[in-house]
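One structure is given here, and the rest of the page talks about it.
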Amino acid sequence: MKLHDVMPLLGFGTYGRWNEEGVEAILAALEIGYRHLDTAQTYDTESQVGTALQRSGLARSDVFLTTKISTENYGAGKLIPSLETSLGKLDVEQVDLTLLHWPSPNGAQPLGEYLEPLLEAQDRGLTRFIGVSNFTIALLEEARSIAGEGRISNNQIELNPFIQNKKLAQYCVEHDILVTCYQPIAHGHLGEDAVLVEMAKRYSVSPEQLALAFELAKGYAAIPTSGKVERIRSNFAAQQLILAPEDIALIETRDRNLRAIAPDWGPDWD
């Protein structure tokens, strides 16, 4: 079974969803209908996700869970214990998808040193699928070489109308690696683009809904987040928006290569 077949393409991101307010936002997302929750060790929201899932009354099998391994847990003997700690915080026996959150900062560690334990974690049943985040084409080539064909299921990257990462996304599509878009609504800046604003008016939607519909139309997954119930609901409704092919093409012209997340220790971007 492939990741594309089981992961809901519209997920709820949980960065910033801390404390009881965070639990309430995640619970609201589940009540609205989201069935994919995205967290990470560095987000410090795994416990909130676990609490919300328990309170929701939903069966574990009804909700797709993604977490990400922090680079500080790439050292020898650290990755699998850190994932087991994450499972404890989430109060589950297995996550659905585990990602390497970033390549090793400044390439300090060889990829095999931290990818091979992730492969072992999958073999042990701690995670159903594995993937990466913020990986370039060169790093994906290396990961596929180490892991073997078909093991790397996902690459979570910054992608929205202002940074479409076309070359990298096309590589992923060609190699059956599902793209998940983080920052999918450009942190509220889409309303600064007159073309997107006008198009959104024509469809009677928000620019954010337009962006999500665009990403879903491209076959990508997207993980917007918000602490406001009305915005959580609005984002979810974007799944109902069907864009005309000419409008998809027009959105493709809005690419500015405007990257918001670019630490100085990150990879050499494509």
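Here's a check for you: in segment 46-96, which residue that is among the charged types (D, E, K, R) and more than 21 Å from residue 22 (Cβ to Cβ) is farthest from the chain's Cα centre (by Cα)?
Looking at residues that are among the charged types (D, E, K, R) and more than 21 Å from residue 22 (Cβ to Cβ), I get 78.
In this structure, is residue 104 at pLDDT 95 or above and in contact with a strand residue (DSSP E or B) (Cβ under 6 Å, 6 or more places away or on another chain)?
Criteria not met by residue 104.
Please verify whether segment 207-222 includes one or more residues that are closer than 17 Å to residue 179 by Cα, modelled with pLDDT of 95 or more, touching a Ser or Thr at 6+ places or on another chain (Cβ under 6 Å) and not aromatic (Phe, Trp, Tyr).
Our first condition is that a residue be closer than 17 Å to residue 179 by Cα; within segment 207-222, this holds for 211-222.
Next, from what is left, pick out any that are modelled with pLDDT of 95 or more: 211-222.
From what is left, the residues that are touching a Ser or Thr at 6+ places or on another chain (Cβ under 6 Å) are 221.
Right, trim to not aromatic (Phe, Trp, Tyr) and you get 221.
The answer is yes; a qualifying residue exists.
With 191, 131, 150 as the choices, which residue is of a type in the set (Gly, Ala, Ser) and either part of a strand (DSSP E or B) or touching a Ser or Thr at 6+ places or on another chain (Cβ under 6 Å) (or both)?
131
Only one of (1) over 22 Å from residue 124 (Cα atoms); (2) surrounded by 20 or more Cβ atoms within 10 Å (Cβ to Cβ); (3) of a type outside the set (Phe, Trp, Tyr) fails for residue 40. Which number is that?
Answer for residue 40: the failing condition is (1).
What's the number of the only condition in (1) touching a residue at least 12 places away in the same chain (Cβ under 8 Å); (2) surrounded by fewer than 17 Cβ atoms within 10 Å (Cβ to Cβ); (3) farther than 18 Å from residue 128 by Cα that residue 62 fails to meet?
So residue 62 meets the others, but not (3).
What number of residues within segment 229-259 are of a type in the set (D, E, K, R) and free of Cβ contacts under 8 Å to residues at least 40 places away in the same chain?
3
Please pick out the residue among 89, 68, 2 that is more than 25 Å from residue 150 (Cβ to Cβ) and either among the basic types (Lys, Arg) or crowded, with 23+ Cβ neighbours inside 10 Å (or both). Before the answer, list the steps.
Working: 68 fails: more than 25 Å from residue 150 (Cβ to Cβ); 2 fails: more than 25 Å from residue 150 (Cβ to Cβ).
The unique qualifying residue is 89.
Could you say which residue among 169, 213, 237, 249 is in a helix (DSSP H, G or I), within 25 Å of residue 115 (Cβ to Cβ) and of a type in the set (Gly, Ala, Ser)? Walk me through it before giving the result.
Numbers: 213 fails: within 25 Å of residue 115 (Cβ to Cβ); 237 fails: within 25 Å of residue 115 (Cβ to Cβ); 249 fails: within 25 Å of residue 115 (Cβ to Cβ).
Answer to the check: 169.
Is it the case, given these coordinates, that residue 85 is part of a helix (DSSP H, G or I), modelled with pLDDT of 95 or more and either more than 19 Å from residue 158 (Cβ to Cβ) or not basic (Lys, Arg) (or both)?
Yes: the conditions hold for residue 85.
Which residue, of 55, 17, is part of a loop (DSSP other than H, G, I, E, B), at negative phi and touching a residue at least 12 places away in the same chain (Cβ under 8 Å)?
On the way: 55 fails: part of a loop (DSSP other than H, G, I, E, B).
Result of the check over 55, 17: 17.
Taking residue 47, is it over 22 Å from residue 157 (Cβ atoms) and touching a Leu at 6+ places or on another chain (Cβ under 7 Å)? Give the steps one after another, and end with the answer.
On the way: over 22 Å from residue 157 (Cβ atoms): yes; touching a Leu at 6+ places or on another chain (Cβ under 7 Å): no.
Considered against the rule, which asks whether it is over 22 Å from residue 157 (Cβ atoms) and touching a Leu at 6+ places or on another chain (Cβ under 7 Å), residue 47 comes out as no.
Given the criteria farther than 23 Å from residue 46 by Cβ, surrounded by fewer than 21 Cβ atoms within 10 Å (Cβ to Cβ), modelled with pLDDT of 95 or more and not hydrophobic (A, V, I, L, M, F, W, C), does residue 109 qualify?
Spelling it out, residue 109 is indeed farther than 23 Å from residue 46 by Cβ, surrounded by fewer than 21 Cβ atoms within 10 Å (Cβ to Cβ), modelled with pLDDT of 95 or more and not hydrophobic (A, V, I, L, M, F, W, C).
The values are calculated or read from the model by the stated rules, or taken from the named source; none is laboratory data. Keep in mind the model is a prediction, meaning the values are calculated, not measured. Reconstructed Cβ throughout: ideal geometry from the backbone, glycine too, with neighbour counts over all protein chains shown.
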